[in-house]
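Scroll down for the structure; my scribbles are underneath it.
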Amino acid sequence: MEGLFKSETGAPIVILGQPDEEHRRIDNPLVVNKVLSFLIYGTTTAEVKGLNEFPRDQWPTNIPLLYYSYHIMVGLGTIFIAVMAAAAFLLWRRKLYESRWLLWIIMLCLPFPYIANTAGWMTAELGRQPWLVFGLMRTPAGYSKYVHAGNGLFTLLGFMGLYTVLAILFLVLMNREIAHGPGTEHEAAVNAGNPITVA
């Protein structure tokens with residue numbers, strides 16, 4: 001996932017870069033020294049095993065795609081943490097609802113969790129290749145001879161239909177909430193079931 005082709009002591013973490021599988025390196029890397037060793041082993045002096053420690057036939061089948069999907073997932077997760085921290089701080093200061101710049105950022109972040117979720121799924125599936133069960137069963141041995149292509153297609157179409165219905169429902173409900181707009185403090189208190197006191 002990190003594209004570490006050679007074992008290193010005090011391995012750095014690569015924030016950005018392009019994996020070059022042919023030459024076994026990361027091109028144009030933006031690194032933070034010794035952080036990968038610390039994240040994995042809790043010390044900056046630990047040795048992290050690279051891909052060179054494993055037989056070539058046990059490497060993931062698509063290292064660049066694995067690398068990019070993992071970094072998209074982690075990068076978006078870091079953005080979410082930063083946005084949440086900023087929003088929590090402004091909410092604590094009672095200025096969140098007047099900070100239009102942050103509200104715009106929060107709104108524009110709407111598709112990112114779906115992208116991060118997909119990238120995380122790709123990371124898990126690509127990262128375990130070429131194994132279904134590590135050391136026991138390889139991916140080519142995992143298919144069933146008794147499940148026909150038509151059954152697989154029927155299941156795929158069923159899931160696509162279900163997710164299409166859920167997506168439409170999501171858009172309808174979100175559009176209704178957005179059209180309704182934010183309520184007053186009085187409406188919020190009534191909806192929450194809190195008693196209203198009149199001074």
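The values are calculated or read from the model by the stated rules, or taken from the named source; none is laboratory data. Given the structure is predicted, the values throughout are model-derived calculations rather than measurements. Note that each Cβ is placed from the backbone with ideal geometry, even for glycine, and that neighbours are counted across all protein chains shown. Note: areas computed on protein heavy atoms with side chains; ligands, DNA, RNA excluded. Shrake-Rupley method; radii C 1.70, N 1.55, O 1.52, S 1.80 Å.
What the table below lists for this structure:
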item: Efficiency of FRET between Asn117 and Arg24 - r from beta-carbon atoms, R0 35 angstrom, step 0.05; result: 0.70
item: Heavy-atom accessible area order for Met122, Met1, largest first, 1.4 Å probe; result: Met1, Met122
item: Amide H partners (placed H, <5 Å) of Ile26, local residues excluded; result: Asp20
item: Candidate residues Glu125, Glu2: accessible-area rank, largest first, probe 1.4 Å; result: Glu125, Glu2
item: Distant-in-sequence amide H partners of Glu8 (H built 1.01 Å from N, under 5 Å); result: Val48, Gly50
item: Dipole axis of the stretch 21-112 (+1 Lys, Arg; -1 Asp, Glu on Cβ), positive-most option in Leu65, Pro29, Pro111; result: Pro111
item: Extension gain (nm, one decimal) between Leu96 and Tyr163, 0.36 nm per residue minus Cα-Cα; result: 20.8 nm
item: Whole-number percent relative contact order across the chain, with pairs defined as alpha carbons under 8 Å at least 6 apart; result: 16 percent
item: Residues whose placed amide H lies under 5 Å from that of Trp131, excluding near-sequence neighbours; result: Thr139
item: Which of Lys95, Lys145 is most accessible, then next, and so on - probe 1.4 Å; result: Lys145, Lys95
item: Positive-end residue of Pro19, Trp101, Leu166, charge dipole of the chain with Cβ unit charges; result: Leu166
item: Loop-located chymotrypsin sites (Phe, Trp or Tyr not before Pro) in the stretch 135-170 whose Cβ has at most 11 other Cβ within 10 Å (DSSP); result: Tyr143, Tyr146
item: Estimated inter-spin distance, Ala141 and Leu171, nm [label 7 Å along Cα→Cβ]; result: 4.5 nm
item: Average accessible surface area per residue within the chain, 1.4 Å rolling probe, Å²; result: 76 Å²
item: Fraction of accessible area attributable to carbon and sulfur, the stretch 1-127 (%, probe 1.4 Å); result: 65 percent
item: Derived scalar couplings ³J(HN,Hα) [the stretch 122-136; Karplus, 6.51 cos²θ - 1.76 cosθ + 1.60; whole Hz; x for Gly, Pro]; result: 4, 4, 5, 6, 6, x, 8, 5, x, 10, 8, 10, 4, x, 10
item: In Å, descending, principal axis extents of the Cα set of the chain; result: 76, 52, 28
